[in-house]
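Readers should treat all values here as calculations from the given coordinates under stated rules, not as data from a laboratory. Since we're looking at a predicted model, the values are computed, not measured. Cβ: placed from backbone, ideal geometry, glycine included. Neighbour counts: every protein chain shown.
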Amino acid sequence: MALPATLYDFQIELSHVDAQVTQRVAARVARHPSESMERLWLRVLAHCWLWREGIEQGPGLCEPDLPDVIARDLTGSVTLWVRVGRPEPLKVQQEADRNPRAEVAVLFESPRRMEAFAAEAREAGLSRLGRVALAAVEPALLSALAAIEDRRVRLSLTIVGDHFYVERGGVALDGPLHRTSVA
């Protein structure tokens with residue numbers, strides 16, 4: 001018998017300065033039994049980093065070919081398609097081709113993993129990945145967040161430039177958001 005997913009409830013006071021977003025984000029996120037807390041937090045950070053109306057969590061590990069975070073407009077067209085963790089460059093390029101009007105992004109668990117992805121894409125000649133936003137969270141920040149295993153999490157998240165500032169229960173965490181491109 002398969003283990004059920006565990007639901008996490010995130011209540012986030014989001015302030016994304018560059019995007020001019022100040023929003024109370026309520027996200028219910030299902031954690032697959034084989035999913036690490038780091039990957040769960042990557043999905044939550046991606047949700048906040050690229051927040052917009054209509055954003056929602058994808059099926060995650062249950063459906064590996066579908067996005068981890070997605071947004072649609074009122075017509076149902078995809079406006080945002082995001083993978084986290086360790087996607088394959090060819091599959092990301094295929095999704096970018098399938099969703100030409102959508103913003104496509106990948107959020108990695110470390111700058112080293114992001115650079116390996118970009119190098120693999122360059123070596124394979126995947127030039128159309130140039131329009132995909134590639135970013136990585138600082139591993140120390142991700143580890144600190146992953147240590148929070150509460151199923152109900154309240155925090156504030158401020159994004160300024162390429163830097164995350166997290167405050168939860170009087171404890172402050174922060175870390176840079178690293179970026180690169182395939183082009």
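How much of the DSSP beta bridge set in segment 36-158 is antiparallel, as a percent to the nearest 5?
Antiparallel bridges: around 45 percent, rounded to the nearest 5.
Sorting Met114, Met37 on the 10 Å Cβ count, fewest up front, what's the list? Before the final figure, lay out each step's value.
Values: Met114 20, Met37 16.
Final ranking by Cβ density, sparse to dense: Met37, Met114.
So which trypsin sites (Lys or Arg not before Pro) in segment 142-175 end up in coil per DSSP with only 15 or fewer other C-beta atoms within 10 Å?
Answer by residue number: Arg151.
So what's the gap between the Cα centers of segment 101-178 and segment 36-52, to the nearest angstrom?
About 8 Å separates the Cα centre of segment 101-178 from the one of segment 36-52.
Determine the relative contact order of the chain: mean sequence separation of Cα pairs under 8 Å and six or more apart, normalised by residue count, in whole percent. Show your work: numbers first, answer last.
Details: 354 pairs, mean separation 40.8, N = 183.
Taking the mean separation of contacting Cα pairs over the length of the chain, I get 22 percent.
Using only Cα atoms, find the angle between the long axis of helix 89-98 and the longest principal axis of the chain, and express it within 0 to 90 degrees, rounded to the nearest 10.
Helix 89-98 and the main axis of the chain meet at about 80 degrees.
Report Rg(Cα)/(2.2 N^0.38 Å) for the chain, keeping two decimals.
Rounded to two decimals, the normalised Rg is 0.99.
Just to check I understand the Karplus step: with θ = phi - 60° and J = 6.51 cos²θ - 1.76 cosθ + 1.60, what whole-Hz values come out for segment 161-166, glycine and proline as x?
Those phi angles translate into x, 10, 9, 9, 10, 10 Hz.
If neighbour count is taken as other Cβ atoms inside 10 Å, put Arg179, Arg113 in order from fewest to most.
Numbers: Arg179 12, Arg113 15.
With the sparsest Cβ surroundings first, the list reads Arg179, Arg113.
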